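Below is one structure, written out as C-alpha cells; the observations come after it.
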Amino acid sequence: MKTNILLALMILSCITSCKQTPAAEQQLPIDKQATPETVELYNRLLRLLNKGIMVGHQDDLAYGHGWYKEPGRSDVKDVTGDYPAVVAWELGHVELGAAFNLDSVYFADMKQYVKETHARGGITTFSWHGDNIVTGNTAWDCAQDSVVRTVLPNGANHDRFLGWLDKVAAFFGDLKDDSGMLIPVVFRMYHEHSGNWFWWGNEQSTPEEYKQLWTMTVEYLRDTKNVHNLLYSYSPSETRDEAHYLERYPGDDYVDMVAFDCYYSGEVNAENSAKYQDAMRRNLETVTAYAQKAHKIPTIGETGMESIPDSTYFTQVVYPVINDYKISWILFWRNAWEPNNQKHFYAPFAGHPSAPDFKAFVSKERILMNKNIK
Ligand code: BMA
C-alpha cells in the first residue's frame, strides 16, 4: 500500500513538474499576416534588447575600402574576425528595374548576401534612395515641393509610382532561403525626412503628405502585393524632442521600429565630439522612451564619423553614450569601394589607425557581433 501511495505521489509530481511550460507569448508586428519567420524576427529583436546592442554595417559583404566583390570578405570581419550582426543594403534603382543599385551592387548578388547573412543567423535591413519620379534625377533632387503629392492617390504619378512599388515588392518577395522560405528583413524607408535633402523631406512635403506616402506604401506592399516578410522602421534625421520626432510619424499601426540617423560632423575636436554625443543622447532618449510607451523596437538607423580620424571614436565617443540605452542595433554607414571616394568609410579596414579601437569596441560585453546572436 505504502509503495502504491509513493508511486502515485511520484507520478503526480512528475505530471505537475514535467508539464510543458507554454511558449512565451509571441508579440505581433504591424503586419498581422506576417510570416511566422517575420514574427519570430520581431520577437527575437525584442529578446535581444535585453542582451545588448548589435553592430551593423552598410553594404558590408559586397565591397569595402579598396575592394569589390570578394566572396566571404568584409572590412568588419578583416578587423574583428567576425561579421557584423546586422547587414544593411540599399535598394536605390530597384524601382527602375536596374540590374544594380546606385552604389553598383547587383541586386542578384544582394539577394545572395541576404541568404548568407540569414544562414549564419544575422539580420538584414534595407534603405531606399529611390529616384525623383518627376524629374528622373536622384533622390537628392529636391528642388520641387510637390513630388510626394504627385505619387499619392489622384496624383499625376500615382500609377507609375505603384509600378515602382511593384518592383520593390518583387525584390522582397524573392528573398528566399534554400528551402524556398521567405527571409524576414527590416525596411527603413523614406528615411531622414526631418531633413531637406530628399524629395520626401520636410521642405518637400507637408507632414500630412509624408504620412500618406508612408501609409500608402505599407498598405500597398502588405495588403495589395501580399509582402509579409517585412518589419518597418521609421528613421528621421536627428530631431529636437519627441514632438519633433513624431511630427511626420504615420502612427503606431504602421511602424515596428523607431530609429534615427545622426552623424559626427566637422573636424574632430572636443566641442564637435560633445555636440555629437549630445545629439545621440537626445535622440536615444526620444526613441527609447517612445518605444517603451508604444511597444516598438528602438534602434540607430545610421551613424558614423567619416574616415574615423579619431582613433578612439568607437570606445570613447560612441560606446559611453549607447551603453546607457537598450537599443536593437547601431548601424555604421558604408565603406565606399569607389577609387574616387576613398575618404568615404565609417568602419575601419585592416591597418587603419582606428582598427584596434573598433576591435576593443566590439569586444565589450553588450556589443553584439554575428557570433553573439546565433
Ligand atoms: C550616401 C553616400 C553615397 C551613397 C548613398 C546611398 O550617404 O554613401 O555615396 O550613394 O548614401 O547609399
Of those in the stretch 197-225 that are within 21 Å of the chain's Cα centre (by Cα) and open to solvent by 10 Å² or more (accessible area, probe 1.4 Å), the residue nearest to ILE123 (Cα to Cα) is ARG222
Scanning the stretch 307-333 residue by residue, the ones that are among the small types (Gly, Ala, Ser) and either within 18 Å of the chain's Cα centre (by Cα) or more than 16 Å from the ligand (Cβ to nearest atom) (or both) total 2
Of (1) within 19 Å of MET189 (Cβ to Cβ); (2) in contact with a His (Cβ under 9 Å, 6 or more places away or on another chain); (3) surrounded by fewer than 22 Cβ atoms within 10 Å (Cβ to Cβ), LEU331 satisfies every one except (3)
When the stretch 110-128 is checked residue by residue, the ones that are part of a helix (DSSP H, G or I) and either within 14 Å of the ligand (Cβ to nearest atom) or at pLDDT below 95 (or both) are MET110
Practice item. Could you tell me whether any residue of the stretch 184-205 is of a type in the set (A, V, I, L, M, F, W, C), part of a strand (DSSP E or B), touching a residue at least 60 places away in the same chain (Cβ under 8 Å) and touching a His at 6+ places or on another chain (Cβ under 8 Å)? Key: no
Taking the stretch 95-109 and keeping only residues that are open to solvent by 10 Å² or more (accessible area, probe 1.4 Å), within 14 Å of the ligand (Cβ to nearest atom), part of a loop (DSSP other than H, G, I, E, B) and not charged (D, E, K, R), one is left with ALA98, LEU102, SER104
Exercise. Going by the structure shown, is PHE361 open to solvent by less than 10 Å² (accessible area, probe 1.4 Å) and modelled with pLDDT of 95 or more?
Worked result: yes
Exactly one of LYS51, LYS69, LYS77, LYS115 is on the phi > 0 side of the Ramachandran plot, surrounded by fewer than 22 Cβ atoms within 10 Å (Cβ to Cβ) and out of contact with any Pro (no Cβ under 7 Å at 6 or more places or on another chain), and that residue is LYS69
Of ARG240, ARG188, the only residue that is among the basic types (Lys, Arg) and closer than 25 Å to VAL114 by Cα is ARG188
Exactly one of PHE100, PHE107 is within 24 Å of ASP166 (Cα to Cα), in contact (Cβ under 8 Å) with a residue 60 or more places away in the chain and not acidic (Asp, Glu), and that one is PHE107
(1) aliphatic (A, V, I, L, M); (2) away from the ligand (no atom under 16 Å from the Cβ); (3) more than 24 Å from GLY52 (Cα to Cα); (4) under 20 Å from the mean Cα position of the chain (by Cα) all hold for ALA336 apart from (2)
Just one listed residue, out of ASP78, ASP131, ASP141, ASP82, is in a loop (DSSP other than H, G, I, E, B), more than 27 Å from HIS193 (Cα to Cα) and among the charged types (D, E, K, R), and it is ASP82
Discussion item. Can you confirm whether LYS343 is among the charged types (D, E, K, R), within 16 Å of the ligand (Cβ to nearest atom) and part of a loop (DSSP other than H, G, I, E, B)?
Written reply: yes
Worksheet item: When you look at GLU302, is it under 22 Å from HIS65 (Cα atoms), within 16 Å of the ligand (Cβ to nearest atom) and crowded, with 20+ Cβ neighbours inside 10 Å, yes or no?
Response: yes
Within the stretch 268-299, restricting to residues that are touching a residue at least 24 places away in the same chain (Cβ under 8 Å) and assigned to a loop (DSSP other than H, G, I, E, B), the one that is surrounded by the fewest Cβ atoms within 10 Å (Cβ to Cβ) is HIS295
Picked from the stretch 81-94 (must be surrounded by fewer than 22 Cβ atoms within 10 Å (Cβ to Cβ) and more than 14 Å from the ligand (Cβ to nearest atom)), the residue nearest to PRO184 (Cα to Cα) is ASP82
Residue hits (the stretch 177-187; under 20 Å from PRO29 (Cα atoms) and either within 16 Å of the chain's Cα centre (by Cα) or of a type in the set (D, E, K, R) (or both)) are ILE183, PRO184, VAL185, VAL186, PHE187
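The values are calculated or read from the model by the stated rules, or taken from the named source; none is laboratory data. Bear in mind that the values here come from a model prediction, so they are computed numbers and not experimental data. For neighbour counting, all protein chains shown are included, and Cβ atoms are generated from backbone atoms with ideal geometry for every residue, glycine included. Just the protein is used for accessible areas: all its heavy atoms, side chains included, with ligands, DNA and RNA removed. Shrake-Rupley method; radii C 1.70, N 1.55, O 1.52, S 1.80 Å.
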